[in-house]
Every structure is written in structure tokens, then in C-alpha cells.
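As C-alpha cells, the structure follows; a few thoughts come after it.
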Amino acid sequence: MIPTAFQSDIASFVESQIAKVQINGTFDITNFIVKSVVGNKVNMSYEIPFGSVAEVKTMALLKAGDQVISINDVYLPISSDTNITHTFTILEVG
């Protein structure tokens with residue numbers, strides 16, 4: 001069993017590694033409304049301003065130096081300022 005405190009340490013490490021979100025490979029978001037750790041969860045929230053992109057086709061989380069942490073294909077039309085929320089939960093699997 002992984003102790004709760006260690007799961008929280010892992011969540012803090014994950015949160016510290018996320019430097020920015022990149023939309024469609026070209027639009028970078030570095031200002032987060034929320035980027036925090038609560039227990040074993042990383043919570044992130046940010047805004048995609050209307051007019052910055054017409055639609056979201058890919059969302060990537062990047063480390064400093066633009067190293068990819070994760071990238072996902074999505075489809076999200078942007079017709080107004082849009083808030084996006086991510087929650088990552090650190091769990092023991094076994």
C-alpha cells in the first residue's frame with residue numbers, strides 16, 4: 001500500500017512539472033486560474049480566450065523546455081472565452 005502522504009508528494013511533483021498547456025501545437029497558455037495540489041489530486045484551470053483559436057484539436061501539457069508530458073486529441077469549438085479544468089488523481093493500482 002502506498003501511504004497517502006507519498007501519493008500527495010507524487011501529486012506535488014506532477015504539478016511542479018507542468019509549465020504550460022499548448023493548444024493545437026501553436027497557442028501557449030502559461031497563466032493558470034488554478035494550479036494546485038489537494039491531497040492526491042492536481043487541479044488545474046485555465047482560460048482559452050475567444051479569438052485565440054477557432055477550435056481546439058490538440059491539448060498538450062508541457063514541461064519547461066517544451067518537453068511533452070501528455071498530448072490528447074480533442075474537438076472543442078471556441079465560440080466564447082472558455083474555461084478548461086483538469087484534475088489528475090494519483091492512485092495506487094494493484
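The values are calculated or read from the model by the stated rules, or taken from the named source; none is laboratory data. Keep in mind that what you see is a predicted model, and the values were worked out from it rather than measured. Please note: Cβ atoms are built from the backbone with ideal geometry, for glycine as well, and neighbour counts cover all protein chains shown. Just the protein is used for accessible areas: all its heavy atoms, side chains included, with ligands, DNA and RNA removed. Shrake-Rupley method; radii C 1.70, N 1.55, O 1.52, S 1.80 Å.
Among the listed residues Lys41, Lys20, identify the single one that is open to solvent by 50 Å² or more (accessible area, probe 1.4 Å) and basic (Lys, Arg). Spell out how you get there, then give the answer.
Working: Lys20 fails: open to solvent by 50 Å² or more (accessible area, probe 1.4 Å).
Testing whether each residue is open to solvent by 50 Å² or more (accessible area, probe 1.4 Å) and basic (Lys, Arg) leaves just Lys41.
Restricting the first member to the range 67-81 and to residues that are touching a residue at least 60 places away in the same chain (Cβ under 8 Å), and the second to residues that are open to solvent by less than 80 Å² (accessible area, probe 1.4 Å) and small (Gly, Ala, Ser), no beta-carbon pair is closer than 6 Å while six or more apart or on different chains.
Among the strands (runs of 3 or more DSSP E) confined wholly to the range 1-79, which include 2 or more residues that are within 26 Å of Val93 (Cα to Cα) and touching a Leu at 6+ places or on another chain (Cβ under 9 Å)? Quick ask: steps written out before the conclusion?
On the way: elements: 20-23, 27-29, 34-38, 41-48, 55-62, 68-77.
Strands (runs of 3 or more DSSP E) meeting the threshold: 68-77.
For the range 3-17, the tally of residues that are open to solvent by 60 Å² or more (accessible area, probe 1.4 Å) and in contact (Cβ under 8 Å) with a residue 12 or more places away in the chain stands at 1. Residues in the range 35-66 that are aliphatic (A, V, I, L, M), touching a residue at least 24 places away in the same chain (Cβ under 8 Å) and under 26 Å from Ile10 (Cβ atoms): Val37, Val42, Met44, Met59, Ala60, Leu61, Leu62, Ala64.
What number of residues within the range 29-38 satisfy the criterion of being out of contact with any helix residue (DSSP H, G or I) (no Cβ under 9 Å at 6 or more places or on another chain) and open to solvent by 40 Å² or more (accessible area, probe 1.4 Å)?
So the first thing to find is which residues in the range 29-38 are out of contact with any helix residue (DSSP H, G or I) (no Cβ under 9 Å at 6 or more places or on another chain), and the list is 29-34.
Still in the running and open to solvent by 40 Å² or more (accessible area, probe 1.4 Å): 30-34.
Total satisfying the criteria: 5.
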